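The values are calculated or read from the model by the stated rules, or taken from the named source; none is laboratory data. Model, not experiment: these values are computed from the prediction. When we count neighbours, we look across all protein chains shown, and the Cβ atoms used for this are built from the backbone with ideal geometry, even at glycine.
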């Protein structure tokens, strides 16, 4: 994809995004940088400088995009989405775990709406299409004395990346919206990232309001639409131990419920899943 | 009255607790005056006094020993514990805000945020507790020194579980 093509159809336009926002507070302030270390790092710096609750950081390139446990999220082509939402809530850190669920269902909704694809959620917040990862969410929170300073919800989506843009090591486990769109329509062109970003922010705002007014259980009903793991036999690393079990559901706080024996149910809040 | 008669007589007097006995027949005259009870009483009083003195002495020694022991123990405790005790009162716990995995470093390939004896500036992170893929950096709200790290890297921690003991600086 050449630069002219990319600029013509697909540059990030903050005004376009803001014009179509419907929500009360998410995205009212958007900070765009063409190239950053990582949007989460910039968002953290801005948060410490006092930017408002609901501010958003967007970038075309991340030089040090981070995944969980320091894994690198490659950000190669200037054709994907890298953004972070800054939250400064008054609820407790324990409740904040719901942000993972909110972010996942917002991204899944937006992909279904804008790209007309069928996303699935791998617990708690990886977005897959046809079993390959298309989006990763890294939520970072700072607390002092059990009080939240800020929450940074970092969202990375492979939107218009093509196979050549991906590193060899991840081609068999990762995909992009464009690659998946072309599977059903060989003439599919690049997706409009502005529409996708707008949709994510609108969805997040909607689910955040729902979360504050009625709690996580309401949001989980929407999450369940994309949750494709029920009945699957999985292995999960919990601490140094690998536990096998069958996924039986999600509890009211978003924890994974795993049947590990005849009458044994494990509630998982942390761990790396292997199918 | 021969000597045996006199012995029998004394035995009789003693057994019947007779204090004084006087016998006179012709030129025979026997006078027995028993003072053994008084002597015994005096002896008893003396022994009681001795015993009391002995007990008092023991008590005095014991008291002295106990006093010395107490003083020594107090001194020892004071020297050994006085400083930590005063510090202990000011030590502060940093606790986990939720159930999750405790990590000492920002990522597996990075060094730990802190070690024992590290001096940590206000607003600096000391660890991460992760749950539901939320990486919660726990920061200190005061400048402090890490006194002890109470959990292992990768350990699952409970809500409110102490993770560090710190000394405010």
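When you check residue A:171 against the structure, is it without any contact (Cβ under 8 Å) to a residue 12 or more places away in the chain and either within 14 Å of chain B (Cβ to nearest Cβ) or more than 30 Å from residue B:160 (Cα to Cα) (or both), yes or no?
Details: without any contact (Cβ under 8 Å) to a residue 12 or more places away in the chain: yes; either within 14 Å of chain B (Cβ to nearest Cβ) or more than 30 Å from residue B:160 (Cα to Cα) (or both): yes.
Yes.
Conditions first: (1) in a strand (DSSP E or B); (2) at the interface with chain A (Cβ under 10 Å from one of its Cβ atoms); (3) surrounded by fewer than 16 Cβ atoms within 10 Å (Cβ to Cβ). Residue B:123 passes all but one, so which condition is the exception?
Only one criterion is unmet by residue B:123, namely (1).
If you take the residues of the range B:91-120 that are touching a helix residue (DSSP H, G or I) at 6+ places or on another chain (Cβ under 8 Å) and free of Cβ contacts under 8 Å to residues at least 12 places away in the same chain, which of them is nearest to the other protein chains (Cβ to nearest Cβ)?
B:107
Just to verify a result, which residue in the range A:138-164, among those that are in a strand (DSSP E or B) and within 17 Å of residue A:193 (Cα to Cα), is nearest to the chain's Cα centre (by Cα)?
As a first pass, look at the range A:138-164 and keep what is in a strand (DSSP E or B): A:138-144, A:147-157.
Keeping just the survivors that are within 17 Å of residue A:193 (Cα to Cα) gives A:154-157.
On the way: A:154: 7, A:155: 4, A:156: 6, A:157: 7 Å.
Only one residue tops the list, namely A:155.
Quick check on my filter: what residues within the range A:238-257 are within 11 Å of chain B (Cβ to nearest Cβ) and over 14 Å from residue A:227 (Cα atoms)?
A:238, A:239, A:240, A:241, A:253 - these are the residues of the range A:238-257 that are within 11 Å of chain B (Cβ to nearest Cβ) and over 14 Å from residue A:227 (Cα atoms).
Residue under question is residue A:152, and the condition is that it be more than 10 Å from chain B (Cβ to nearest Cβ) and in contact with a strand residue (DSSP E or B) (Cβ under 6 Å, 6 or more places away or on another chain); does it hold?
No; evaluated as a whole, the condition is false for this residue.
Of all strands (runs of 3 or more DSSP E) completely enclosed by the range A:24-87, which ones contain at least 3 residues that are buried (at least 16 other Cβ atoms within 10 Å of the Cβ), at pLDDT below 95 and in contact with a strand residue (DSSP E or B) (Cβ under 8 Å, 6 or more places away or on another chain)? Show your work before the answer.
Details: elements: A:30-36, A:56-62, A:81-87.
Passing ranges, in order: A:56-62.
Read through the list (1) buried (at least 20 other Cβ atoms within 10 Å of the Cβ); (2) within 23 Å of residue A:94 (Cα to Cα); (3) within 13 Å of another protein chain (Cβ to nearest Cβ), then give the number of the only condition that residue A:127 fails.
Unmet for residue A:127, out of (1) buried (at least 20 other Cβ atoms within 10 Å of the Cβ); (2) within 23 Å of residue A:94 (Cα to Cα); (3) within 13 Å of another protein chain (Cβ to nearest Cβ): (2).
Looking at the structure I just gave you, is residue B:167 outside any loop (DSSP other than H, G, I, E, B) and either under 28 Å from residue A:271 (Cα atoms) or modelled with pLDDT under 95 (or both)? Steps first, answer last, please.
Details: outside any loop (DSSP other than H, G, I, E, B): yes; either under 28 Å from residue A:271 (Cα atoms) or modelled with pLDDT under 95 (or both): no.
Against the criterion (outside any loop (DSSP other than H, G, I, E, B) and either under 28 Å from residue A:271 (Cα atoms) or modelled with pLDDT under 95 (or both)), residue B:167 does not qualify.
When residues of the range B:138-160 are filtered for being in a loop (DSSP other than H, G, I, E, B) and within 32 Å of the chain's Cα centre (by Cα), how many remain?
Step one: of the range B:138-160, the residues in a loop (DSSP other than H, G, I, E, B) are B:140-143, B:150-155, B:158-160.
Among the residues that remain, those that are also within 32 Å of the chain's Cα centre (by Cα) are: B:150.
Residues meeting the conditions: 1.
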